[in-house]
Amino acid sequence: MSESDNLDLSREERPEESVPSPFDQAPVPDFDPAPVPGFGQTSAPDVNGVFWGWHDVFLFLMCTVLAIAITMLAGFGLRNLFHISDTRMNIVFMLAQILAYGVSFAALKLMFRAEYGEPLLASLHWLPAGIDPAKLVFIGLGQAFTIAVLSAFMNIPQMETPMSRLLADRPTAIVIAVLGVTIAPLAEELAFRGLLQPLMVRTIGVIPGILVTSLLFGAMHLAQYGAWQSVVLITLAGAGFGAMRHVTGSTRASAIMHAGYNSTLFILFFTQKGVR
């Protein structure tokens, strides 16, 4: 074999040297894929923990309306069965409404668990507020006195309303007061400041979200009090509850404040006007 043949073989056996590419020397960025929502979950939770949508609010509203209708029909059935007087039927209807709230929140709990796999109370921020409950009650008391002073300058018409007729009966007024400082603040705060307000804030911003939620809260009471001035005052009270919910991040805080507010109003009612 000639020397030229050996040289050719050595060239064939020698591995080809690769020329480094500038792309091989570039750093590779870390890639963290976004979490994929679970089965049945329409969206991943956002940074504020508001994972539900408007369809959940409307479903909750429909469940509430349906539950109230069913419990009211049950109340009429009890009246016909036990011949309950019209005055005592007011108490039956109030208890039926509380039962309807329980049914609607049970439905909301099932919705959260089935669609998102999340608990109800923690999702609605029913959490410790970091503020002493007694202080929250006194804040509600101060807000109630402020609202009472404002009402003196608003020339609210003195007329008979559904609420005034209910409060005219002593046993009914007592039941309203008990429910008004216990179940009502709990249910209303979970619904308005727990479910609705965070979604409003995410959609239109903090201040508009609190104000729109408060306006809806006040409008809900129009049928009870019948005057636009009362709706304005309740809207202002709702804005105070909403601000507390937003600042503390706790629906429990706004509920305790709400209970203190209602307690003050009922104390003023029973001490100043009395019950006929």
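Of the helices (runs of 4 or more DSSP H) lying entirely inside the stretch 148-227, those containing at least 2 residues that are closer than 30 Å to Ile84 by Cα and touching a helix residue (DSSP H, G or I) at 6+ places or on another chain (Cβ under 9 Å) span 162-167, 170-180, 183-188, 222-225.
Residues in the stretch 61-76 that are without any contact (Cβ under 8 Å) to a residue 24 or more places away in the chain and under 12 Å from Ala96 (Cα atoms) were compared, and the one that is surrounded by the most Cβ atoms within 10 Å (Cβ to Cβ) is Gly75. With respect to the stated conditions, Gly49 fails to be out of contact with any strand residue (DSSP E or B) (no Cβ under 7 Å at 6 or more places or on another chain), of a type outside the set (Lys, Arg) and crowded, with 18+ Cβ neighbours inside 10 Å.
Yes/no per residue for (1) modelled with pLDDT under 95; (2) among the polar types (S, T, N, Q); (3) not assigned by TED's automatic domain parsing to the domain that holds Arg165:
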site	(1), (2), (3)
Met200	no, no, no
Gly205	no, no, no
Leu216	no, no, no
His221	yes, no, no
Gly226	yes, no, no
Gln229	yes, yes, no
Thr235	no, yes, no
Gly238	no, no, no
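Can you work out which of the residues in the stretch 202-252 that are of a type in the set (Val, Ile, Thr) and in contact (Cβ under 8 Å) with a residue 60 or more places away in the chain is surrounded by the most Cβ atoms within 10 Å (Cβ to Cβ)?
Thr251
The values are calculated or read from the model by the stated rules, or taken from the named source; none is laboratory data. All of these numbers come straight from a predicted model, not from anything done at the bench. Using ideal geometry, Cβ is built from the backbone for each residue, glycine included, and neighbour counts are taken over all protein chains shown.
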